[in-house]
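Note sheet for the following structure.
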Amino acid sequence: MSRIIDIGLEELSVMLCRMGELTYQAISLSLKGCLNGTNEHSQVCEMSDALVSMSEQAEDKAFELIARFQPVASDLRTIKSYMKIAYDFARYGRYALDISYINEQYGGLKHCEHWILEHIEKMSEKVLDMVRISIDSLRKHDVKLAETISKTEKEVDSMYFRYLDELVKRASGTNKCTISSVLIVRYLERIADHATYICESVVYVATGQKVNLR
Amino acid sequence: MSYKIEIENLNAWFSGKQVLRDITMKIKENMVTSIIGPSGCGKTTLIRCLNRMHELTPGAKATGRVLLDGGDIYSEGIDPVTVRRRIGMVFQKPNPFPMMSIYDNTVAGLKLNGVSDKHRLDETVEKSLRAAHLWDEVKADLGKSGASLSGGQQQRLCIARALAIEPEVILMDEPTSALDPTAASKIEQLIRVLSQDYTVIIVTHNMQQAARVSDCTAFLYLGKLVEYGSTKDIFENPKSELTEKYITGEFG
């Protein structure tokens, strides 16, 4: 006889697996648009919206399971992790949306210098591999597969810093400012977003109402 | 952190049937320790061994050592009554003496021990009822029968009765299982307050209660101590698969 909480945990698991596949499609599509010069923005936008909505549903489900079953031990660890993973998947969707937005607003990478295109293509492959590992290890509950991600993560970190170094090396004084400023405003925008998320949570704690302050 | 009670290789039997097997554990002072486990695992027997109540049952036997502040309560020449004075007990069902008033219920133990000084008895009644968070509700009706109180009040009266003899350790055997949720919640709050001055050991079937009120939790299964540790560790990340299965409701 299965436990009542297992039904809810299974629903949550299925929801996350669906989110995982959708995030893979969204990231692939946005990268394809940038690298091939096609505009996939509206499709990626729909996927990102769907992921945000699914993330909220997953969070609600997790919240309900906590309130109704007072989970402990592996049940508690599962629910806590699933809530975090749902949020991470929503972030995947948001980054896919950001990439497709850059492609739509400023043009993709098709006409960039060869070394840039080549670097981004390689990095995209690595990152998509990592996204696939995260989805598959979650679906199969495969600890060994999950642990393999560490090596690729280090490679991607290294590619990131090598790319910046190369850009700076090739840039004139003004372009160095452009590179630094683009990176800095990007992080400033992210901090602003997180400040807004925190304020949304503050409203929720006090009123129980989920508001969108973005 | 000092240990109030140290249990060493404790075994217990009822009429030849072994119910506790080689239990060794140390109980921290001024902490709440919960004993959890399925029915028949030996939880109640374990706490009854801690104040030598187990031996009151015909055919019951215990071996091993139980050290209270370093002294073995099973040593030759130790008076079990003195042990029970230092280690009080509150039972599952509130059991005030029905023919006695609230006042007399509170100091029944003291009177049995020969205390008759009215001033001292008055002081103890107020102090114990205050400590059991019952004083404000009954101070105008101390002459009323203990049985006239609600279930939750009766249980707090029993706690006051246990506190009146100034124990160092309080054993509680499923103290809220006969109470409604509001009364149970009051007892749980009281347990937390009591742990500031006493070492509290509670047997409970309610795992959420163990998670809420205790600092340490012990899981017993078939008379053996399977796992013992901080309540946080037991309920978030138990080491034993048996503990995991029990607390997540896979068996029991």
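Taken together, the values in this text are just the output of simple stated rules run on the coordinates, not laboratory data. Treat the numbers as computed from the prediction; the structure is a model and nothing was measured. Using ideal geometry, Cβ is built from the backbone for each residue, glycine included, and neighbour counts are taken over all protein chains shown.
When only C-alpha pairs under 8 Å and at least 6 residues apart count, what is the relative contact order of the stretch A:4-207, in percent?
Values: 161 pairs, mean separation 48.8, N = 204.
Here the relative contact order equals 24 percent.
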Per-peptide average of other Cβ atoms within 10 Å, ordering B:7-20, A:111-124 highest first | B:7-20, A:111-124
DSSP beta bridges in chain B: the antiparallel percent, rounded to 5, is 60
Candidate lysines - alpha carbon under 18 Å from residue A:110, same-chain residues fewer than 8 apart omitted | A:32, A:122
Considering the options A:2, B:5, A:120, tell which one lies farthest towards the positive end of the dipole of the protein assembly as shown, charges being +1 on Lys and Arg and -1 on Asp and Glu at the Cβ, about the Cα centre.
-> B:5
Pull out the extension gain between residue A:153 and residue A:179, defined as 0.36 nm times the separation in residues minus the alpha carbon to alpha carbon distance; nm, one decimal.
-> 7.0 nm
Nearest-20 debye value, the stretch A:25-120 charge dipole, Cβ charges on Lys, Arg, Asp, Glu | 320
Low-density loop cleavage sites - trypsin sites (Lys or Arg not before Pro) in the stretch A:1-81, where at most 15 other Cβ are within 10 Å (DSSP) | A:3
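I need the GluC sites (Glu not before Pro) found in the stretch B:42-139, filtered to DSSP loop residues with at most 11 other beta carbons within 10 Å of theirs.
Values: sites: B:55, B:76, B:123, B:126, B:137; in loops: B:76.
Passing both the DSSP loop test and the Cβ count: B:76.
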Give the percent of DSSP beta bridges with both residues in the protein assembly as shown that are antiparallel, rounded to the nearest 5.
-> 60
Which one of B:243, B:113, B:98 is farthest out on the positive end of the charge dipole of the protein assembly as shown, using unit charges on Cβ (Lys, Arg +1; Asp, Glu -1) and the Cα centre as origin?
-> B:113
Mean separation of Cα contacts under 8 Å, 6 or more apart, over the residue count of chain B: relative contact order % | 27
